[in-house]
Amino acid sequence: MSGTLFTKIINREIPADIVYEDDLSLAFKDINPQAPIHLLIIPKKPIATTNDMEEGDRELIGHLFLVASRLAAEMGFAEQGYRAVMNCNEHGGQTVYHIHLHLLAGKAMGWPPYTDKLKQA
Ligand code: 5GP
């Protein structure tokens, strides 16, 4: 089956620093971290963008957030806090078309999150 590089990570065809796995999901360290802790939590089911989620994916998407909150507790940053976000398509900054929850932690993050790139668009 063809797929994005995240499918290859799920299938162990390319390496990743995997921190969690279950039947539905996989979590691994982002190769280009934007915070001291930057994990990607992905469904094993390949869904290209958040626009492509279906009713039947309701439980799966909720599961990704539950995994994020459990990892935050286990890794010790739940109390200090974190950001969990999904980017969609070009203006959202999506580059890999297999939905993924970014879990960022370890520093205080600013808000709003956008950069000049989006302001100019
Ligand atoms: P997006 O921009 O689509 O929201 O996020 C894609 C993320 O995947 C980026 O943060 C990027 O650093 C990460 N990424 C891209 N290629 C790889 C890879 O081969 N391995 C890992 N672990 N992360 C990757």
Leu103 being surrounded by 10 or more Cβ atoms within 10 Å (Cβ to Cβ), in a strand (DSSP E or B) and within 16 Å of the ligand (Cβ to nearest atom): yes
The one condition in (1) part of a helix (DSSP H, G or I); (2) surrounded by fewer than 17 Cβ atoms within 10 Å (Cβ to Cβ); (3) in contact with a strand residue (DSSP E or B) (Cβ under 8 Å, 6 or more places away or on another chain) that His63 fails to fulfil: (2)
Selection count, the stretch 5-24, where residues are more than 9 Å from the ligand (Cβ to nearest atom) and more than 14 Å from Leu103 (Cα to Cα): 9
Residue in the stretch 26-35 that is open to solvent by 90 Å² or more (accessible area, probe 1.4 Å), more than 16 Å from the ligand (Cβ to nearest atom) and under 24 Å from Pro113 (Cα atoms) present: no
Filtered residues of the stretch 66-91 (kept if in a helix (DSSP H, G or I), in contact with a strand residue (DSSP E or B) (Cβ under 9 Å, 6 or more places away or on another chain) and open to solvent by less than 90 Å² (accessible area, probe 1.4 Å)): Val67, Ala68, Ser69, Leu71, Ala72, Met75
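The values are calculated or read from the model by the stated rules, or taken from the named source; none is laboratory data. In this text, all values refer to a predicted model and were calculated from it rather than measured experimentally. Quick reminder, even Gly has a Cβ in these numbers, built from the backbone with ideal geometry, and neighbours come from all protein chains shown. Accessible surface is based on the protein model in full, side chains and every heavy atom, while ligands, DNA and RNA are left aside. Shrake-Rupley method; radii C 1.70, N 1.55, O 1.52, S 1.80 Å.
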